[in-house]
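Enquirer: Let me begin by handing over the structure; questions about it come next.
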Amino acid sequence: MSQIREKNPDDVVVVAAYRTALTKGGRGSFKDVGSDYILNKLTEQFIQKTKVDPSLIQDVAIGNVLHMRGGDFEHRAALMAAGIPHTTPFIAINRFCSSGLIAVSQVANKIRLGEIECGLAGGVELMSKDYGPNAIVQYDNAYVNHPEFQKNQIPMGITNENVCDKFGISRAEQDRFAASSFNKAEKAQKDGLFKEEILPIEAFVEDDEEEDEEGDPVEKKVVVTEDEGIRPGVTAEKLAKIKPAFKKDGSTSAGNASQVTDGAALVLLMKRSFAEKHGYPVLAKYIGCWVAGVPPEIMGIGPAVAIPKALQKTGLKVDDISVFEINEAFAGQCLYSIQSVGIPEEKVNLKGGAIALGHPMGATGARQYATILPLLKPGEIGLTSMCIGTGMGAASVIVRE
């Protein structure tokens, strides 16, 4: 335990973590821009806020799930346009819902190995344009009938139904948990707690009710400052009235599942001695990230396996963790993971989770860092985790300074 909190010159540390507001997919303030635009504007604001010298950043890793090729061309261009020099390498990362966290891990590991001393990690997702019918997927017919292939094609909502059926998570439990997520997020927003993690950025929204001289919708500039998915006054009773979304007799609904969302987040990591040399504040010590595999058909149990793995590797216990950020892909899988590991609910998602805030898949892993850091007091340990499509879970541990 004392070793976890020790400070050494070679430590990997978090210097800054910020995000955009999360907006409604298809209907929100980012619906008419691109993922490259969101990343570009956030990076500009991030550099301005942190006053980091872009020339000091020696590598960048950006997670994305849905954009073609992970946005490799577009996202490198967006970073360069924001001031990251062409001499700084870039990698696009896709490990489904953990992509933003794996980007953090990628940069942290390069620092730990001595390959770099400073790196930028994060993620971005524009589900408005890259999700659902807009996504193009092609498969080789030689494998489509293989049972393992078919397991990996099960819709995520059905995998949650499988978890709830297998482990006895009721609709009432899911709606109670989801309502709590909305209530916590509503209170946090009213209390201004998200202002510590959100950087306002400009966007352009097409006004379908107003046309220009050529008959095209007029573009209006908006400044995006607040999460758009948070609903006021949500109760379990209200959520219970929403029809199941994936099975007629199922328990997963639009009210107890994560929202389709657009957004981005960035995390700046450095070697401790490098941060001190250049005068950057150390917010937290990065301990590590661990990934575990689980059956694809119950992929939502990922945190139930990854969190114990992280605790075992670090020698920590649940009681040693002050705050948990566990992604609410679905209320059922999140509840099962919490209960199976023995985590008190009052330690989980203190400002609400993805059910209330949204889940821009490539960004969520980095977004959790921006969310958890202001919640931790000096010396406290935080853990972030999520389930991952195709059957995985990831968990990371940090110590606040």
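The values are calculated or read from the model by the stated rules, or taken from the named source; none is laboratory data. Predicted model only: the values in this text are computed from it and were never measured. Every residue, glycine among them, receives a Cβ derived from its backbone with ideal geometry; neighbour counts consider all protein chains shown. When the accessible area is computed, the model is the full protein with side chains, heavy atoms only, and any ligands, DNA or RNA have been set aside. Shrake-Rupley method; radii C 1.70, N 1.55, O 1.52, S 1.80 Å.
Enquirer: Check whether at least one residue in the stretch 208-223 is modelled with pLDDT under 95 and on the phi > 0 side of the Ramachandran plot, and report yes or no.
Expert: yes
Enquirer: Here's something else I'd like to know. Looking at V294, V341 in this structure, which one is over 24 Å from L357 (Cβ atoms) and not acidic (D, E)?
Expert: The unique qualifying residue is V294.
Enquirer: Can you give me the number of residues within the stretch 142-160 that are under 26 Å from E173 (Cβ atoms) and among the hydroxyl-bearing types (S, T, Y)?
Expert: Residues that pass the stated criteria total 1.
Enquirer: Return the pair list, or none, for Cβ contacts closer than 7 Å from residues in the stretch 98-120 that are open to solvent by 20 Å² or more (accessible area, probe 1.4 Å) to residues that are charged (D, E, K, R) and at pLDDT 95 or above, at least 6 apart or on different chains.
Expert: Once the first residue is open to solvent by 20 Å² or more (accessible area, probe 1.4 Å) and sits in the stretch 98-120, its partners that are charged (D, E, K, R) and at pLDDT 95 or above give I102/R95; K110/D59; E117/K271.
Enquirer: Continuing with the same structure: Of all residues in the stretch 258-286, count the ones that are over 15 Å from the mean Cα position of the chain (by Cα), open to solvent by less than 10 Å² (accessible area, probe 1.4 Å) and among the small types (G, A, S).
Expert: Qualifying residue count for the region: 2.
Enquirer: What helices (runs of 4 or more DSSP H), lying completely within the stretch 330-397, carry at least 1 residues that are open to solvent by 10 Å² or more (accessible area, probe 1.4 Å)?
Expert: 331-341
Enquirer: Which ranges mark the helices (runs of 4 or more DSSP H) fully within the stretch 99-159 that have 3 or more residues being at pLDDT 95 or above, among the polar types (S, T, N, Q) and over 21 Å from A257 (Cα atoms)?
Expert: Correct list: 99-112.
Enquirer: Please count how many residues of the stretch 313-329 are in contact with a strand residue (DSSP E or B) (Cβ under 9 Å, 6 or more places away or on another chain), surrounded by fewer than 22 Cβ atoms within 10 Å (Cβ to Cβ) and outside any strand (DSSP E or B).
Expert: Adding up the residues that qualify gives 5.
Enquirer: Now a separate question. Quick test for you: out of D130, D165, D140, pick the one residue that is more than 30 Å from G250 (Cα to Cα) and among the acidic types (D, E).
Expert: The conditions single out D140.
Enquirer: Can you pull out the strands (runs of 3 or more DSSP E) entirely within the stretch 203-307 that have at least 1 residues that are free of Cβ contacts under 8 Å to residues at least 12 places away in the same chain?
Expert: Values: elements: 217-224, 261-271, 284-293.
Counting at least 1 such residues, we get 217-224.
Enquirer: Looking at the stretch 298-306, is at least one residue modelled with pLDDT of 95 or more, hydrophobic (A, V, I, L, M, F, W, C) and within 30 Å of L79 (Cβ to Cβ)?
Expert: Checking the stretch 298-306: at least one residue is modelled with pLDDT of 95 or more, hydrophobic (A, V, I, L, M, F, W, C) and within 30 Å of L79 (Cβ to Cβ).
Enquirer: May I pose another question? At least 1 residues that are of a type in the set (K, R), modelled with pLDDT of 95 or more and touching a Gly at 6+ places or on another chain (Cβ under 9 Å) in each: list the helices (runs of 4 or more DSSP H) lying fully within the stretch 1-97 that qualify.
Expert: Hits in the stretch 1-97: 2-5.
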